[in-house]
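The values are calculated or read from the model by the stated rules, or taken from the named source; none is laboratory data. Every value quoted in this text rests on a predicted model; they were computed, and no experiment measured them. All Cβ positions, even for glycine, are placed from backbone atoms using ideal geometry, and neighbour counts span all protein chains on display.
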Amino acid sequence: MAKSKVNFDPRLARRKMIGGVFYFVFLCAVMVGILSLLVLLTRILMEGLPWLSLGFLTNYPSRHPEIAGIRSAMMGTIWVMALTALFTVPVGVGAAIYLEEYAPKNRLTQLIEINISNLAGVPSIVYGLLGWALFVQIMSMGRVVLAGALTLSLLVLPIVILASREAIRAVPNEYRLGAFALGADQWQVIKGAVLPSAIPGILTGTILALSRAIGEAAPVIAISALVYLTFVPADPFDQFTVMPIQIFNWVGRPQDDFQSLAAAGIIVLLAILLTMNALAVILRNRYQTRSED
Amino acid sequence: METTARGAATVRGDRAATGRFRRRRGASLESRVIWWVFFLCAMLSVLTTVAIVFSLLSQALSFFREVGVWEFISGTRWTPILKPRSYGVLPLVNGTLLVAFLAAIVALPVGLATAIFLAEYAPDKVRRIIKPALEVLAGVPTVVYGYFALTFVTPQLQRVFPDMIVFNALSAGIVMGIMIIPMVSSLSEDAMISVPRSLRQAAYALGATKLETSVKVVVPAALSGIVASFILAISRAIGETMLVTIAAGATPRMTANPLDSIQTMTAYIVQLALGEAAHGSLEYNTIFAVGLLLFVMTLCMNLLGYWVVRRWRQAY
């Protein structure tokens, strides 16, 4: 009844003042995220930098913090990531090509699409359980590099598919029509016209997906367990550990020195992550400028 | 291969014409093989889901053969390793929801306010600085957040609560909240940006201030996307593993006190995965039962999120 009158408050100065207060509140909220990031990075740099040296990169883990290093974990990460890239890129791009270029609009296609977006939301530890049951136990691979890489491949596959689809969708339809007009068949169109212009986008998406996998500890921990390794994996059937797990191992120790080692390990991990992200951004920028002209 | 001939969905608009053209030529063996390869790539994702459900269900079923489903779902004592053994999963669920609740208290208001600032207030220059910074925040590995919670946030909190033990739900919950801020803010911002300019102009024309336009017009118009971002962020918090394993403790208990040490479902799975539980033993199978529950909980929340977006979306 009287509500319609209350809805309009004629005191403009007061309303503008409230607006100003809330502007400040929103600004503070933004600063919560930004400041947390700054505090986090400063804290890690202060703790970890004194422990960072060439020896830290080339030494194996040890009970004595002053000579402990991250070599086995770093090499393990490189092994697992290389294999993961090898598995996910062809399959992810293949699935994206099917969904964008071939798939008819029917129930099955819809099912595949819903399924992919749901897979992207499955907690990573569940992939770890899948990998443990499927690769380690049923296929009896054991706790090896290959099992870890396959598990991470399944984890990042939805991300690679979504990114590749976007890249393929961004290819102008005229390219396809032009190629068809020249008498190319479907595969020739994809190979000759679609993929070449989609590859930068696919690469960017893949690098970002892999940078997510590189920081994952939960799924790998179910596969590799918390091993104490003083060797570098020589082939995909060796035992392994990865950097996030080594960091987790150090964080879990009560002594302060190991916590600082964890910080040093985090610096190395973040440096690799930032390099990958920078690479993705550079690729994206080059691609964007090229498609404009 | 009829499907191959009809496969040219690419040439949208000219689809029927191309289909006729292709059918006349017939599909070569090579193109049929290629079609199958791509089709199988796409089907692999469906197979993954089937494999997840199968691997969780088969081991969980052998667990439920020895422990009743009702005892598992409703029991309030979780001591699967220590005698007397008891398999009530509620303490783990309690721990998970407590941390997710604390994370939500931090992330939902902060994330929404950040989204409002980015979508409605921030000039382009500021956005170009803040958005990449938030992306970095989202890309930090969760082990790093665990380290941060344990070695920085917990000592700070202990100054306020001197009795608080090292492993506690509060520290993990706060840091988890910080971790999911970017998820809430970026999804909510997307929803708010897609609200048409005409609605804002109409509000201004009626004499609304910037705040009134943002909060009373734009936010309600983008509500489905905002609610979905909340649901998906909480689902993420429920499934998060390393942060709670490092910082929240390993004490499954029924508590609402954030200063307590607790254990989440995910942290329990890691704890057991680290110990050498014999394959096929009852302890080994508990993690698949817990994993199945976790999978079902997050799946329901994700489906709810997508449903909210589809059901309530305003069409502009």
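Tabulated data for the structure shown
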quantity: Pairs, first over 15 Å from B:Leu282 (Cβ atoms) and in contact (Cβ under 8 Å) with a residue 24 or more places away in the chain in the range B:66-78, second surrounded by 11 or more Cβ atoms within 10 Å (Cβ to Cβ) and of a type outside the set (S, T, N, Q), C-beta under 8 Å, six or more apart; calculated: B:Thr76/B:Gly88; B:Thr76/B:Leu90; B:Thr76/B:Pro91; B:Thr76/B:Met254
quantity: Output for the range A:123-177, where each listed residue is closer than 26 Å to A:Pro236 by Cβ and among the basic types (Lys, Arg); calculated: A:Arg143
quantity: Output for the range A:15-50, where each listed residue is surrounded by 14 or more Cβ atoms within 10 Å (Cβ to Cβ), over 27 Å from the mean Cα position of the chain (by Cα) and more than 10 Å from chain B (Cβ to nearest Cβ); calculated: none
quantity: Elements of type helices (runs of 4 or more DSSP H) in the range A:58-155, at least 3 residues being closer than 30 Å to A:Gln259 by Cβ and either among the small types (Gly, Ala, Ser) or touching a residue at least 40 places away in the same chain (Cβ under 8 Å) (or both); calculated: A:71-97, A:124-131
quantity: Leading residue by the ranking (surrounded by the most Cβ atoms within 10 Å (Cβ to Cβ)) among those in the range A:71-113 that are within 15 Å of B:Thr48 (Cβ to Cβ) and among the β-branched types (Val, Ile, Thr); calculated: A:Thr88
quantity: Selected residue [within 14 Å of another protein chain (Cβ to nearest Cβ) and of a type in the set (Val, Ile, Thr)] from B:Val184, B:Val160; calculated: B:Val184
quantity: Within the range A:203-254, considering residues that are touching a Pro at 6+ places or on another chain (Cβ under 9 Å) and of a type in the set (Val, Ile, Thr), the one farthest from the other protein chains (Cβ to nearest Cβ); calculated: A:Thr230
quantity: Checking A:Thr109 against (1) more than 8 Å from chain B (Cβ to nearest Cβ); (2) under 17 Å from A:Ile159 (Cβ atoms); (3) of a type in the set (Ser, Thr, Tyr), the condition it does not meet; calculated: (2)
quantity: Selection status of A:Ile116, within 10 Å of another protein chain (Cβ to nearest Cβ) and either buried (at least 19 other Cβ atoms within 10 Å of the Cβ) or under 28 Å from the mean Cα position of the chain (by Cα) (or both); calculated: yes
quantity: The range A:1-35, residues that are at pLDDT below 75 and among the hydrophobic types (A, V, I, L, M, F, W, C); calculated: A:Met1, A:Ala2, A:Val6, A:Phe8
quantity: Those helices (runs of 4 or more DSSP H) lying entirely in the range B:60-141 with at least 1 residues within 30 Å of B:Thr209 (Cα to Cα); calculated: B:90-116, B:124-139
quantity: Pick from the range B:102-117, criterion at the interface with another protein chain (Cβ under 9 Å from one of its Cβ atoms) and surrounded by fewer than 23 Cβ atoms within 10 Å (Cβ to Cβ), ranking: nearest to B:Pro220 (Cα to Cα); calculated: B:Leu112
quantity: Meets criteria (within 22 Å of B:Ile231 (Cβ to Cβ), among the β-branched types (Val, Ile, Thr) and within 9 Å of chain A (Cβ to nearest Cβ)) for B:Val99; calculated: no
quantity: Residue match in the range A:188-203 (condition: of a type in the set (D, E, K, R) and either touching a residue at least 12 places away in the same chain (Cβ under 8 Å) or surrounded by 22 or more Cβ atoms within 10 Å (Cβ to Cβ) (or both)); calculated: no
quantity: Qualifying residues in the range B:273-314 (those that are within 22 Å of B:Gly95 (Cα to Cα) and hydroxyl-bearing (Ser, Thr, Tyr)) - the one modelled with the highest pLDDT; calculated: B:Thr298
